[in-house]
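The values are calculated or read from the model by the stated rules, or taken from the named source; none is laboratory data. All figures in this text were calculated on a predicted structure; none of them were measured in a lab. Using ideal geometry, Cβ is built from the backbone for each residue, glycine included, and neighbour counts are taken over all protein chains shown. The area values use the complete protein model at the heavy-atom level, side chains included, leaving out ligands, DNA and RNA. Shrake-Rupley method; radii C 1.70, N 1.55, O 1.52, S 1.80 Å.
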Amino acid sequence: MREILKLQDVSLTYQAENGEVQALDQISFTAQEGEMIGIVGPSGCGKSTLLSIIAGLEPATYGSILLGGEPVIGVSEKIGYMLQKDNLLNWRTIRSNVLLGLEIRRMLTEENIAYVENLLQTYGLAEFADKYPSQLSGGMRQRAALIRTLATRPELLLLDEAFSALDYQTRLTVSDDVLGILRKEKKTALIVTHDIPESISMSDRIIVLTDRPGRVKSIHNMEFPPRPGQTYMLPLERRNTPAFGQYFNLIWKELDVHVETQ
Ligand code: ADP
Ligand code: MG
């Protein structure tokens, strides 16, 4: 298997007005091609910071990041970012929204356009291509946001709480949806979420971070053997297995969530 991402001792200290804030401390891990890596940790432990460093938006104070063997210096074209807000432009149709990344990068070739049209077709958005974002459900908008991210064919996708703005029911179906697409397109992704069940349902491996400054506390393999004839088990199905609850207890304990008692 090909190594897509390698982080070695990545640390970051913000220079804030009232002094220094150390956000991350010596983070090391790797991601293999096709792997879904979940990242969980307490609020404010540096998860979003970690993704911005990998995306080249924020320089690390210390440590190295290799993407496909090459150091990440500045914003990398090989990375696709998906955030909580779908950031679709309301005055553009779905088609022109999903082509936006290609347009900005002057990559609107016939081949790339055909690739996007094919994604719209395969993932059920072709008949909505001429509609505007406000005419679509939250779930469909998030699917459109994913297709826009995939359009530039990134090697690595970064999802930062990508589903947390959706209501619970929608979140379940959309995460199933999105993971199905990522698996089918054989993408590698880092999936940041504060939702432990969501992380267990989507990840091949989960990295648990400590309180700030975020350090790697532990890494857990999620084993959900696919049924005969399948190549993977999707999130909704994972949620119905006995292993799911066991992993939940394990990660919950690792996170050491403190509940105030009186
Ligand atoms: P998470 O995504 O895990 O909730 P963040 O990565 O957003 O955490 O933030 C980690 C820590 O760094 C927090 O304490 C936050 O307040 C701080 N932080 C984030 N961005 C900046 C910044 N630009 N300047 C100073 N401190 C920051
Ligand atoms: Mg965050």
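Over the chain, calculate the relative contact order: mean separation of alpha carbon pairs under 8 Å at least 6 apart, over the residue count, as a percent. Mind dumping the intermediate values first?
Values: 483 pairs, mean separation 66.0, N = 262.
Normalised by residue count, the contact order of the chain is 25 percent.
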Could you rank Met107, Met233 by how accessible they are, 1.4 Å probe, largest area first? Met107, Met233
What accessible area, in Å² to the nearest ten, does a 1.4 Å probe give for Lys253? 150 Å²
Counting Lys and Arg as +1 and Asp and Glu as -1, each charge on the Cβ, what is the dipole of the range 152-262 about the Cα centre in debye, to the nearest 20? 420 debye
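What is the sum of charges around Tyr62, taking Lys and Arg as +1, Asp and Glu as -1, for the other residues whose C-beta is under 12 Å from the C-beta of Tyr62?
Values: positive: none; negative: Asp9, Asp25.
With Lys, Arg at +1 and Asp, Glu at -1, the net is -2.
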Between the residues Leu136, Gln84, Ile104, the Cα farthest towards the positive end of the dipole of the range 80-153, that dipole coming from +1 and -1 charges on the beta-carbon of Lys, Arg, Asp and Glu, is from Gln84
Using protein chains only and a probe of 1.4 angstrom, how many square angstrom of Met222 are accessible, to the nearest 10? 10 Å²
Sorted by accessible area (1.4 Å probe), largest first, how do Glu198, Glu254 line up? Glu254, Glu198
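Could you state, as a whole-number percent, how many of the C-alpha pairs of the chain are farther apart than 27 Å? Don't skip to the answer; put the middle values down first.
Working: 13484 of 34191 pairs.
Distances greater than 27 Å cover 39 percent of the Cα pairs.
I'd like the Kirkwood hydrodynamic radius of the range 80-153, using the inverse of the mean 1/r over distinct C-alpha pairs, in Å.
Working: mean 1/r = 0.0835 Å⁻¹.
Evaluated over the range 80-153, this radius sits at 12.0 Å.
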Whole-Å distance linking the alpha carbon centroid of the range 1-66 with that of the range 212-259 is 21 Å
Checking the cross-link filter: which aspartates and glutamates have an alpha carbon closer than 14 Å to that of Lys6, excluding same-chain neighbours under 8 positions apart? Glu33, Glu35, Glu70, Glu155
Past the 26 Å Cα-Cα mark, which pairs from Lys184/Lys253; Lys187/Lys253; Lys47/Lys85? Lys184/Lys253; Lys187/Lys253
